[in-house]
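Below are the structure tokens for one structure; questions will follow.
The values are calculated or read from the model by the stated rules, or taken from the named source; none is laboratory data. All values reported here derive from a predicted model rather than from experimental measurement. Cβ placement follows ideal geometry from the backbone for every residue including glycine, while neighbour counts extend to all protein chains displayed.
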């Protein structure tokens, strides 16, 4: 399968967790993921598998303030893209680093402080197909930013994203990000005053109402419940038991 059309799109997602065992138990129960521990030298990487294949992993980081999801964006050159991030006013959190037998990555922040990972995989580890829709897989990545125009300039310059605008009424314009004719994600102004910029990861579920209530029963906080996206579908926004934010989505069809 050709992965050339994945460039400048999100192809992998890691959960940085303060307690990997608790996170694994929550998401295995909620999403039905199979989770396998992979020794990585000084730590264990917990690979996440849906029925349609792997989508990411869980990494335990005791020192972080709270758990959070980290999206990986495919690029031609991690080193060149990381240098460009700094030129554009962003930050370099983890410098370009090799992942043995997998590829190369760097953790960066945009000028508003939203973090993501640049990634260049080997041919056999290019990531997860961003166009494959199935229960438990990522279907959308959305930047909640403190500076809509500034964020758009950054990502357009770094990744070549072109915005298509959707009017959201009182909430302003939603910027759908395009790579050619393909969707790469979305950017919107964070509606919560004083809240930081961050990337929200949306996961497809077969039954949104059922999954939302299951998440609640498993200890998640439901921040938004079965909200309508006109002509597209519905979503719920959650905070998992360790504080990581995410969204569940069910297509309109």
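Taking the criterion of being in contact (Cβ under 8 Å) with a residue 60 or more places away in the chain, buried (at least 20 other Cβ atoms within 10 Å of the Cβ) and more than 16 Å from the chain's Cα centre (by Cα), would at least one residue in the stretch 230-240 satisfy it? Before you say what the answer is, go through the steps one by one.
Initially, the stretch 230-240 is screened for residues in contact (Cβ under 8 Å) with a residue 60 or more places away in the chain, giving 240.
Subsequent filtering for residues that are buried (at least 20 other Cβ atoms within 10 Å of the Cβ) retains 240.
From what is left, the residues that are more than 16 Å from the chain's Cα centre (by Cα) are none.
Scanning the stretch 230-240, I find no residue that is in contact (Cβ under 8 Å) with a residue 60 or more places away in the chain, buried (at least 20 other Cβ atoms within 10 Å of the Cβ) and more than 16 Å from the chain's Cα centre (by Cα), so the answer is no.
Further question: Residue 163 passes all but one of (1) surrounded by fewer than 21 Cβ atoms within 10 Å (Cβ to Cβ); (2) modelled with pLDDT of 95 or more; (3) out of contact with any strand residue (DSSP E or B) (no Cβ under 6 Å at 6 or more places or on another chain); which number fails?
(3)
Looking only at residues that are free of Cβ contacts under 8 Å to residues at least 60 places away in the same chain and surrounded by fewer than 14 Cβ atoms within 10 Å (Cβ to Cβ) in the stretch 191-208, which one is farthest from residue 150 (Cα to Cα)?
207
Residue pairs, Cβ under 8 Å, 6 or more apart or interchain, first in the stretch 31-45 and on the phi > 0 side of the Ramachandran plot and assigned to a loop (DSSP other than H, G, I, E, B), second surrounded by 12 or more Cβ atoms within 10 Å (Cβ to Cβ) and at pLDDT 90 or above. List them.
Final answer for the pair search is 32/50; 32/135; 32/136.
Taking the residues in the stretch 76-104 that are within 18 Å of residue 124 (Cβ to Cβ), touching a strand residue (DSSP E or B) at 6+ places or on another chain (Cβ under 9 Å) and not in a strand (DSSP E or B) as candidates, determine which candidate is modelled with the lowest pLDDT.
Step one: list which residues in the stretch 76-104 are within 18 Å of residue 124 (Cβ to Cβ), which gives 76, 78, 98-104.
Retained after the next criterion (residues that are touching a strand residue (DSSP E or B) at 6+ places or on another chain (Cβ under 9 Å)): 76, 78, 98-99, 102-104.
Then drop every residue that is not not in a strand (DSSP E or B), which leaves 76, 78, 102.
Numbers: 76: 97, 78: 98, 102: 94.
Checked the stretch 76-104; the qualifying residue modelled with the lowest pLDDT is 102.
Now, a different point. In the stretch 114-131, which residue that is in a loop (DSSP other than H, G, I, E, B) and out of contact with any helix residue (DSSP H, G or I) (no Cβ under 7 Å at 6 or more places or on another chain) is surrounded by the most Cβ atoms within 10 Å (Cβ to Cβ)?
Among residues in the stretch 114-131 that are in a loop (DSSP other than H, G, I, E, B) and out of contact with any helix residue (DSSP H, G or I) (no Cβ under 7 Å at 6 or more places or on another chain), the one surrounded by the most Cβ atoms within 10 Å (Cβ to Cβ) is 114.
If we only count strands (runs of 3 or more DSSP E) wholly inside the stretch 185-242, which ones have 3 or more residues that are closer than 24 Å to residue 112 by Cα and in contact with a strand residue (DSSP E or B) (Cβ under 7 Å, 6 or more places away or on another chain)? Talk me through it step by step, then tell me what you get.
Working: elements: 198-204, 221-229, 233-239.
The qualifying strands (runs of 3 or more DSSP E) are 198-204, 233-239.
Checking the conditions here, which among 72, 45 is surrounded by fewer than 21 Cβ atoms within 10 Å (Cβ to Cβ), touching a strand residue (DSSP E or B) at 6+ places or on another chain (Cβ under 6 Å) and under 28 Å from residue 110 (Cβ atoms)? Give the steps one after another, and end with the answer.
On the way: 72 fails: surrounded by fewer than 21 Cβ atoms within 10 Å (Cβ to Cβ).
When all the criteria are applied, what remains is 45.
Can you tell me which residues in the stretch 132-182 are more than 30 Å from residue 27 (Cα to Cα), in contact (Cβ under 8 Å) with a residue 60 or more places away in the chain and part of a strand (DSSP E or B)?
Answer for the stretch 132-182, where residues must be more than 30 Å from residue 27 (Cα to Cα), in contact (Cβ under 8 Å) with a residue 60 or more places away in the chain and part of a strand (DSSP E or B): just 179.
Please verify whether the stretch 214-225 includes one or more residues that are farther than 28 Å from residue 110 by Cβ, modelled with pLDDT under 95 and out of contact with any helix residue (DSSP H, G or I) (no Cβ under 9 Å at 6 or more places or on another chain).
Among the residues of the stretch 214-225, not one is farther than 28 Å from residue 110 by Cβ, modelled with pLDDT under 95 and out of contact with any helix residue (DSSP H, G or I) (no Cβ under 9 Å at 6 or more places or on another chain), which makes the answer no.
From 95, 65, 111, grab the single residue that is free of Cβ contacts under 8 Å to residues at least 60 places away in the same chain, within 29 Å of residue 28 (Cβ to Cβ) and surrounded by fewer than 19 Cβ atoms within 10 Å (Cβ to Cβ). Step through it out loud before you land on a result.
On the way: 95 fails: within 29 Å of residue 28 (Cβ to Cβ); 111 fails: within 29 Å of residue 28 (Cβ to Cβ).
Being free of Cβ contacts under 8 Å to residues at least 60 places away in the same chain, within 29 Å of residue 28 (Cβ to Cβ) and surrounded by fewer than 19 Cβ atoms within 10 Å (Cβ to Cβ) holds for just one of 95, 65, 111, which is 65.
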